[in-house]
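Participant: One structure coming up, written as structure tokens, with questions to follow.
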Amino acid sequence: MALDSKVPKGPIKDKWTDYKNKINLVNPANKRHIDVIVVGTGLAGGSAAATLAELGYNVKAFAYQDSPRRAHSIAAQGGINAAKNYQGDGDSTYRLFYDTVKGGDYRSREANVYRLAEVSANIIDQCVAQGVPFARDYGGLLDNRSFGGVLVSRTFYAKGQTGQQLLLGAYSAMNRQIARGKIEMFNRHEMLDVVVVDGKARGIIARNLITGEIERHSAHAVVIASGGYGNVYFLSTNAMGSNATAAWKIHKKGAYFANPCFTQIHPTCIPRSGDYQSKLTLMSESLRNDGRIWVPKNMEDVMAIREGRKKPTDLSEDERDYYLERRYPAFGNLVPRDVASRAAKERCDAGYGVNATGEAVYLDFASAIERYGKEQAKIHNIDNPTEAKIYELGKGIVEAKYGNLFQMYEKIVDEDPYKTPMMIYPATHYTMGGVWVDYNLMTTIPGCYCIGEANFSDHGANRLGASALMQGLADGYFVLPYTIGDYLADDIRTGKIPTNSKEFEEAEKAVTDRINFFINNNGTKSVDHFHKRLGKVMWDKVGMARNEQGLKEAMAEIKQIREEFWKDVKVPGNANEMNPELEKAGRVADFLELGELFAKDALMREESCGGHFREESVEESGEQKGEAKRNDKDFAFVAAWEYKGEPADAVLHKEELEFKDIELKQRSYK
Amino acid sequence: MNLTLKIWRQKDSNAKGQMVDYKVTDISEHMSFLEMMDVLNEQLVNTGEEPVAFDHDCREGICGMCSLYINGEAHGPDRGVTTCQLHMRMFKDGDTITIEPWRAAAFPVIKDLVVDRTSFERIQQAGGYISVNTSGNTQDANAIPISKHAADEAMDAATCIGCGACVATCKNSSAMLFVGAKVSQYALLPQGQVEATDRVMNMVKQMDLEGFGNCTNTGACEIECPKGISLENIARMNREFLKATIKG
Ligand SMILES: Cc1cc2nc3c(=O)[nH]c(=O)nc-3n(C[C@H](O)[C@H](O)[C@H](O)COP(=O)(O)OP(=O)(O)OC[C@H]3O[C@@H](n4cnc5c(N)ncnc54)[C@H](O)[C@@H]3O)c2cc1C
Ligand code: SF4
Ligand code: FES
């Protein structure tokens with residue numbers, strides 16, 4: 001099948017408006033006869049479910065947690081971008097569009113990114129109307145902060161809990177529709193397959209996680225909003241339950257999977273401490289507004305610190321290497337994530353890591369505390385303030401901005417980050433890759449849509465901070481509700497989709513068989529055993545730096561782990577009860593396939609771009625020496641993989657990327 | 001360190017539960033409490049026993065899933081943290097730790113340490129929202145200036161994670177802190193005024209229907225709340241409720 005992105009014709013700034021003017025609509029009376037399933041209630045799924053219900057469709061929404069409010073969007077800390085230009089610093093729709101395409105290292109679809117930038121301002125209006133308590137300045141207007149990779153201040157935030165507040169906003173909109181009976185909410189339910197009837201997505205098979213019952217649900221369209229697949233690395237900043245199952249299941253039924261190797265390793269996370277570790281915790285990028293990143297300049301100091309003979313605060317300014325400020329004077333500590341992560345790895349690989357494992361750098365707030373303290377002293381007319389007073393005033397400001405993050409850090413590491421710099425290291429955080437969708441957000445299965453982090457989305461090869469929340473809400477509130485109507489307009493006379501067809505029967509049987517297999521397998525090793533092994537291969541060979549040999553090895557090793565898994569996995573308990581190990585087994589089985597495709601995709605892409613860094617593709621000379629080298633001639637395409645059984649046999653389809661409104665350039669943050 | 005765990009085991013909502021003893025060894029003080037539980041569960045899987053079911057997801061104190069009653073305290077002995085943020089450095093070698101689910105009539109046990117908190121959902125559905133359509137055809141966000149003070153206070157109330165520790169801690173199993181936080185968030189913002197009367201009446205009515213107890217001002221909820229939601233929110237809700245009843 002040829003990939004058709006269905007991007008409307010015309011100038012980029014008119015595409016979305018013209019498109020909306022021309023699409024088919026479903027009249028309100030007919031919407032009552034149309035059912036839509038939404039899998040996932042994070043920012044993407046939650047906002048979509050609420051809006052579709054409000055438009056009049058009958059929505060069935062699913063989440064594996066016990067409440068829509070607990071989707072992992074809740075954990076987003078730093079903020080959400082919007083081209084409001086409230087700061088008057090030159091922001092505009094075009095600039096947000098440009099920054100996002102450039103930040104994504106020119107591997108995203110222009111038309112989609114432009115639309116995202118276009119609706120971004122609306123999101124903020126919407127959220128404020130819903131009662132989202134964004135941070136404000138003393139004049140009562142909305143405040144902004146800056147994120148990496150841009151030169152304007154366009155990020156709206158609610159302390160360090162922006163995702164929480166935005167999700168509670170979407171959740172409240174859902175609650176209003178649940179109360180009206182327009183959304184039927186299925187908490188503690190996991191989608192285990194999609195049902196395709198006559199070539200169209202017409203329902204899902206789900207497991208009730210309390211009773212173990214397998215259920216059939218039909219609808220005229222299915223929307224997947226199940227989040228990212230970062231947990232393929234075992235350790236990531238995702239939630240324990242975050243998984244790829246819904247996305248992978250639709251892939252196996254015909255949805256192409258795009259750019260799996262585009263994964264974001266976030267530069268500022270709390271370093272790992274031991275083998276027992278179950279997850280990694282993010283320290284928001286917003287901290288790089290005020291925090292400065294460094295390692296000691298001299299090896300003796302590194303050793304002294306590791307052995308506890310010196311403290312970081314003992315080192316004077318000229319004994320420190322603020323390596324981001326040194327290497328990238330224009331953007332300094334606010335370079336994009338991929339660049340900051342690789343720079344940390346470079347210093348640690350060279351031996352300058354500051355903790356026992358050698359995998360940590362400092363994020364230091366001392367200068368910020370001092371700067372804010374002096375500023376506050378002026379504002380409050382305090383002449384000749386003492387150092388202690390300056391510290392106290394400055395600490396107050398830093399606390400107001402990032403208090404919850406500092407508290408989180410202290411609880412985990414048992415050190416006070418106001419007094420001693422934080423230790424941080426990169427960790428898997430976000431997946432730019434995902435299910436391929438066209439301009440309408442429809443996958444290659446007609447009637448099956450994919451939104452939010454689960455799709456391959458608008459972020460190309462690297463996502464800029466505060467853009468995922470923007471994309472999730474744009475998809476759910478403002479894009480999908482239009483585009484899905486165009487498709488559903490043909491379904492007004494279809495009537496209810498029966499669940500007793502052979503397609504439902506077969507799908508249910510496949511799900512039940514697999515569950516019974518796990519329960520009866522009586523292997524010797526736990527699910528986590530396999531998940532950890534997969535994670536190690538992914539991190540070592542498909543992590544921040546990749547090369548041909550490592551990727552080939554990774555593919556073989558993952559296949560090997562997968563085979564062992566199916567032979568030897570042990571799942572205790574029964575199928576007809578709450579059984580967390582059984583849930584994990586299904587998810588890890590899918591990760592074990594996805595991981596191999598991931599490595600295959602990385603092997604195919606013989607260039608470095610964004611989060612994907614091939615050691616073979618580096619600038620050899622000039623000002624950019626050592627930086628990633630993109631290859632636009634051969635690789636300016638989206639890699640969309642078609643499932644053919646074994647992941648190694650997946651077939652590549654290319655969506656060539658055209659850049660008409662932005663010139664393809666090497667990214668420079670120097 | 002080596003520990004003895006006394007854990008509530010209950011097959012399902014109809015079964016009778018009981019405390020069961022387990023031993024774990026070589027627990028690092030840097031582990032989180034739930035990582036210690038992972039160690040126990042791995043041990044149980046390997047010996048062919050059923051692992052202990054407990055709720056958790058984000059493991060960073062924000063989703064509100066985790067909900068253990070540890071040594072008689074909701075979320076355990078540390079202050080201002082959820083169970084997943086509790087670290088083993090709070091315990092010492094040789095300790096015996098009692099681990100139970102939230103106990104409240106409105107939170108029935110589903111299995112082991114997992115409880116059903118959908119009563120909270122229904123309270124939110126009764127009025128925990130502002131009735132604005134999500135079409136995006138709203139006024140510009142800066143058209144409604146809100147004083148920094150009010151915005152900050154609303155934010156403080158809005159940080160409730162819906163974990164239910166307040167209920168589990170309260171001897172009357174009252175949900176006033178949780179409901180007060182939500183009512184307060186909207187009461188403090190101009191956007192919330194239009195529906196203020198109905199909201200507080202409906203949410204309180206639903207809270208009573210769900211079987212949560214009355215508030216007798218003991219303040220235990222505020223102490224155990226991992227997000228520092230203050231009693232001021234309960235007072236504010238009472239004022240809102242009074243206003244609403246007078247208006248009728
Ligand atoms: C710690 C952290 C901090 C972040 N900070 C920021 C930030 O400051 N700014 C920013 O823009 N982005 C941030 N991000 C990224 C952003 O939060 C996510 O990309 C985004 O929230 C994803 O939203 P979503 O709706 O696509 O998925 P999620 O919120 O992950 O929701 C997934 C939903 O799918 C459901 N689900 C999954 N599988 C199934 C299944 N099989 N059956 C049924 N239901 C299923 C889940 O129950 C859940 O409801 C952060 C991410 C993390 C992890
Ligand atoms: S008020 Fe506190 S204890 Fe109660 S649900 Fe909210 S966060 Fe949990
Ligand atoms: S697991 Fe999310 S708050 Fe504890």
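Participant: If you check A:P426, A:P421, which single one turns out to be away from chain B (no Cβ under 14 Å), within 16 Å of ligand 1 (Cβ to nearest atom) and in contact with a helix residue (DSSP H, G or I) (Cβ under 6 Å, 6 or more places away or on another chain)? Break it down into steps so the answer makes sense when it comes.
Facilitator: Values: A:P421 fails: within 16 Å of ligand 1 (Cβ to nearest atom).
Testing whether each residue is away from chain B (no Cβ under 14 Å), within 16 Å of ligand 1 (Cβ to nearest atom) and in contact with a helix residue (DSSP H, G or I) (Cβ under 6 Å, 6 or more places away or on another chain) leaves just A:P426.
Participant: A:Y138 passes all but one of (1) without any contact (Cβ under 8 Å) to a residue 40 or more places away in the chain; (2) open to solvent by 20 Å² or more (accessible area, probe 1.4 Å); (3) within 12 Å of ligand 1 (Cβ to nearest atom); which number fails?
Facilitator: (3)
Participant: While we're looking at this one, here's another question. Determine, yes or no, whether B:Q191 is part of a loop (DSSP other than H, G, I, E, B), within 10 Å of chain A (Cβ to nearest Cβ) and either in contact with a Phe, Trp or Tyr (Cβ under 6 Å, 6 or more places away or on another chain) or more than 16 Å from ligand 2 (Cβ to nearest atom) (or both). Talk me through it step by step, then tell me what you get.
Facilitator: Numbers: part of a loop (DSSP other than H, G, I, E, B): no; within 10 Å of chain A (Cβ to nearest Cβ): yes; either in contact with a Phe, Trp or Tyr (Cβ under 6 Å, 6 or more places away or on another chain) or more than 16 Å from ligand 2 (Cβ to nearest atom) (or both): yes.
No, not satisfied.
Participant: Among the acidic types (D, E), open to solvent by less than 10 Å² (accessible area, probe 1.4 Å), more than 8 Å from chain A (Cβ to nearest Cβ) and closer than 29 Å to B:S28 by Cβ - does that describe any residue in segment B:105-115?
Facilitator: Here is the first cut: in segment B:105-115, the ones among the acidic types (D, E) are B:112.
Remaining after also requiring open to solvent by less than 10 Å² (accessible area, probe 1.4 Å): B:112.
With the extra rule that they be more than 8 Å from chain A (Cβ to nearest Cβ), the set shrinks to B:112.
Okay, now just the ones that are also closer than 29 Å to B:S28 by Cβ, so B:112.
Yes, because at least one residue in segment B:105-115 is among the acidic types (D, E), open to solvent by less than 10 Å² (accessible area, probe 1.4 Å), more than 8 Å from chain A (Cβ to nearest Cβ) and closer than 29 Å to B:S28 by Cβ.
Participant: Let me ask something additional. What are the pairs with Cβ atoms under 8 angstrom where one residue, in segment B:161-178, is assigned to a loop (DSSP other than H, G, I, E, B) and the other, located anywhere, is within 7 Å of ligand 2 (Cβ to nearest atom) and aromatic (F, W, Y)? Sequence gap at least six, or different chains.
Facilitator: Pairs that qualify, where the first residue is assigned to a loop (DSSP other than H, G, I, E, B) and the partner is within 7 Å of ligand 2 (Cβ to nearest atom) and aromatic (F, W, Y), are B:G162/B:F178; B:G164/B:F178.
Participant: I'm told B:E195 meets every condition in (1) over 30 Å from A:V479 (Cα atoms); (2) at pLDDT 95 or above except one. Can you identify the failing condition by its number?
Facilitator: Here B:E195 meets the rest and fails (1).
Participant: Taking into account only those residues within segment B:221-240 that are farther than 19 Å from B:F120 by Cα and among the hydrophobic types (A, V, I, L, M, F, W, C), which is surrounded by the fewest Cβ atoms within 10 Å (Cβ to Cβ)?
Facilitator: Restricting to residues being farther than 19 Å from B:F120 by Cα and among the hydrophobic types (A, V, I, L, M, F, W, C), the top hit is B:A235.
Participant: Ok, one more. Please pick out the residue among A:I12, A:I34, A:I80 that is of a type in the set (A, V, I, L, M, F, W, C) and out of contact with any strand residue (DSSP E or B) (no Cβ under 9 Å at 6 or more places or on another chain). Break it down stepwise before answering.
Facilitator: Numbers: A:I34 fails: out of contact with any strand residue (DSSP E or B) (no Cβ under 9 Å at 6 or more places or on another chain); A:I80 fails: out of contact with any strand residue (DSSP E or B) (no Cβ under 9 Å at 6 or more places or on another chain).
Sole residue among the options that is of a type in the set (A, V, I, L, M, F, W, C) and out of contact with any strand residue (DSSP E or B) (no Cβ under 9 Å at 6 or more places or on another chain): A:I12.
Participant: Another one. Got a sec? Which of B:G136, B:G80 is under 30 Å from A:L142 (Cβ atoms), within 13 Å of ligand 3 (Cβ to nearest atom) and either open to solvent by 30 Å² or more (accessible area, probe 1.4 Å) or assigned to a loop (DSSP other than H, G, I, E, B) (or both)?
Facilitator: Values: B:G136 fails: within 13 Å of ligand 3 (Cβ to nearest atom).
Sole residue among the options that is under 30 Å from A:L142 (Cβ atoms), within 13 Å of ligand 3 (Cβ to nearest atom) and either open to solvent by 30 Å² or more (accessible area, probe 1.4 Å) or assigned to a loop (DSSP other than H, G, I, E, B) (or both): B:G80.
Participant: Give me the residue from segment B:154-173 that is among the polar types (S, T, N, Q) and more than 10 Å from ligand 2 (Cβ to nearest atom) and, out of that set, surrounded by the most Cβ atoms within 10 Å (Cβ to Cβ). Give the derivation first.
Facilitator: Going through segment B:154-173, the residues among the polar types (S, T, N, Q) turn out to be B:159, B:169, B:172-173.
Still in the list and also more than 10 Å from ligand 2 (Cβ to nearest atom): B:172-173.
Numbers: B:N172: 15, B:S173: 20.
Result: B:S173.
Participant: Shifting gears a bit: Against the condition open to solvent by less than 10 Å² (accessible area, probe 1.4 Å) and in a loop (DSSP other than H, G, I, E, B), how does A:N462 come out, does it pass?
Facilitator: On the way: open to solvent by less than 10 Å² (accessible area, probe 1.4 Å): yes; in a loop (DSSP other than H, G, I, E, B): yes.
Criteria met by A:N462.
Participant: Of all residues being within 21 Å of B:F178 (Cβ to Cβ) and without any contact (Cβ under 8 Å) to a residue 40 or more places away in the chain in segment B:52-64, which is surrounded by the fewest Cβ atoms within 10 Å (Cβ to Cβ)? Just the residue, please.
Facilitator: Here the residue is B:E60.
Participant: It is to be established whether one or more residues within segment B:86-100 are open to solvent by less than 10 Å² (accessible area, probe 1.4 Å) and within 16 Å of ligand 1 (Cβ to nearest atom).
Facilitator: First pass over segment B:86-100, keeping only residues open to solvent by less than 10 Å² (accessible area, probe 1.4 Å): B:86, B:88, B:97, B:99.
Those still in the list that are within 16 Å of ligand 1 (Cβ to nearest atom) too: none.
Within segment B:86-100, not a single residue is open to solvent by less than 10 Å² (accessible area, probe 1.4 Å) and within 16 Å of ligand 1 (Cβ to nearest atom).
Participant: Filter segment A:420-442 down to the residues that are open to solvent by less than 10 Å² (accessible area, probe 1.4 Å) and under 23 Å from A:M544 (Cα atoms) and list them by number.
Facilitator: A:M422, A:I424, A:P426, A:A427, A:T428, A:Y430, A:T431, A:M432, A:G433, A:G434, A:V435 - these are the residues of segment A:420-442 that are open to solvent by less than 10 Å² (accessible area, probe 1.4 Å) and under 23 Å from A:M544 (Cα atoms).
The values are calculated or read from the model by the stated rules, or taken from the named source; none is laboratory data. Small disclaimer: the values here were computed from a predicted structure and weren't measured. All Cβ positions, glycine included, derive from the backbone under ideal geometry; neighbour counts span all protein chains shown. When the accessible area is computed, the model is the full protein with side chains, heavy atoms only, and any ligands, DNA or RNA have been set aside. Shrake-Rupley method; radii C 1.70, N 1.55, O 1.52, S 1.80 Å.
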